[in-house]
Amino acid sequence: MRKVRAVLAAVVAAPLVAGCGGGGGGVTLHWYVGQESSGSYREAAQRCTDSSNGRYRIAMEALPNNADAQRQLVVRRLAARDRTVDLIGMDVIWTAEFAEAGWLRPWVGARGAQVSAGVLAGPLATARYRGTLWAAPFTSNSQLLWYRKSRTGTVPTTWDELISAAEALPRGQQVVAVQGARYEGYTVWVNSLLASAGTELVVDADRPDRARAGLAVGPTEQALGVIRRLATSPAADPGLSVATEQDTRQAMLSGAASYSLNYPAVYAAARAEQPGLVDDLGWARYPEVVAGRPSRPPLGGINLGVSAYSPHPEQAFDAAACLRSEANQELGATRGSLPPTIAALYDDPAVARQFPFGRLLRESIAAAAPRPATPAYADVSLAVQQVLHPPASVDPARDVPGLRRTIDDALASKALL
């Protein structure tokens, strides 16, 4: 918390620093962000460059496709106080870690109000840490249950119903595709199952001195029971233990899976690659773990942070505010199928055409379960993957105490993960 206070105090001096850092002419702002195939990020960067009247030019620095590799690259640069990092396209789980380390400048006063207005509560919460706004919500995301209408009678509402429905299908159609590889996507699944069952990975996550594993025994065993049942069922993808978002999306498009838990990119891929499938593609709310207890879908997305080491903070804040503007979020939604963080955009006709499931998506984002906002999140995620992988090895009764112990060690920096 000492580093957080230091950055907050330093923000008062930011205009003076900016004045010495080249504010008189146009500057190049380096935006480190994950690759985006539709070109919407690049066009947004060009729009903002053009509208700045020569104050700045945004140069995109593409990060790797893999989320874990993205974090490693950015962390190395920020830990080295790299002054070429101005803007960061941050995974929503990075906020606490980066803020606690003193790597971000906070959004305060009118700036903070500008990028918070009209933003959905879930995405806005991911940009905050200990009451301070550390990033501008840019895109959001959540998973839906996708299914083949031609193979589905009553749409399942619980995981038990889903697995049973898949098991009843003919051989070759039984797969429920989920992200089971040993990477962040697996932790996302585990976290949502736990939240849906009524517990959480970490309590007091934003208090490093008090944070500890949650994992109430009954709900945790119910959540892990879902993983165990699916992984040992005929409905399990033979490649479950190495399946990523791309694998599960392809399984749905190819017909190898009749059901999939995935992001809206499934629908965009179907329209682009297999338009004949679109009419057979249905969607529904993320399944419940406990019948009658509303599910807590995953919460993803990208926030925009301003590096504490940028020599051009004034321009960087202005550029980030421009990038996350309503017009650029509409661009991201309509061209790149990137769910907006601005609530009103879901009623925009162009966005509604891109997301015919937009109302459900907005509801899912509102009900979604954020991952723990702890500076130690990266180690917490590795603890989950260490104890609970591969999925077929999960034993609810045995793994609850082991998972709690490993997460406590991760929070206390005792674990070698």
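For (1) at pLDDT below 90; (2) over 30 Å from Ala181 (Cβ atoms), each residue gets a yes or a no:
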| site | (1), (2) |
| --- | --- |
| Ala10 | yes, yes |
| Pro15 | yes, yes |
| Ser37 | no, no |
| Cys48 | no, yes |
| Arg76 | no, no |
| Thr95 | no, no |
| Trp103 | no, no |
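Give segment 170-189 a look and list any residue that's assigned to a loop (DSSP other than H, G, I, E, B) and either in contact with a Cys (Cβ under 7 Å, 6 or more places away or on another chain) or not basic (Lys, Arg) (or both), or say none. Listed by number, the residues that qualify are Pro170, Gly172, Gln173, Gln174, Val178, Gln179, Gly180, Ala181, Tyr183.
Taking the numbered list (1) in contact with a helix residue (DSSP H, G or I) (Cβ under 8 Å, 6 or more places away or on another chain); (2) not in a strand (DSSP E or B) in turn, Leu162 passes all entries but (1). If only residues of segment 371-404 that are basic (Lys, Arg) and in contact (Cβ under 8 Å) with a residue 60 or more places away in the chain are counted, the one that is farthest from Leu193 (Cα to Cα) is Arg404. Of the residues making up segment 371-391, those that are in a helix (DSSP H, G or I), over 24 Å from Tyr129 (Cα atoms) and not polar (S, T, N, Q) are Val387, Leu388, Pro391. Scanning segment 336-370 for residues that are part of a strand (DSSP E or B) and either more than 16 Å from Asn303 (Cβ to Cβ) or assigned by TED's automatic domain parsing to the domain that holds Val266 (or both) returns a single hit, Ala369. What tally of residues in segment 42-66 results from selecting those that are of a type in the set (A, V, I, L, M, F, W, C), surrounded by fewer than 18 Cβ atoms within 10 Å (Cβ to Cβ) and in a helix (DSSP H, G or I)? Qualifying residue count for the region: 0.
The single condition among (1) within 30 Å of Thr374 (Cα to Cα); (2) touching a strand residue (DSSP E or B) at 6+ places or on another chain (Cβ under 8 Å); (3) not assigned by TED's automatic domain parsing to the domain that holds Leu361 that Ala135 does not satisfy is (3).
Looking across segment 111-125, the residues that are loosely packed, with under 14 Cβ neighbours inside 10 Å and touching a residue at least 60 places away in the same chain (Cβ under 8 Å) come down to Gly118, Ala121.
The values are calculated or read from the model by the stated rules, or taken from the named source; none is laboratory data. Keep in mind it's a predicted model, so treat the numbers as computed, not measured. Don't worry about glycine lacking a Cβ; one is built from the backbone with ideal geometry, like all the others, and counts go over all protein chains shown.
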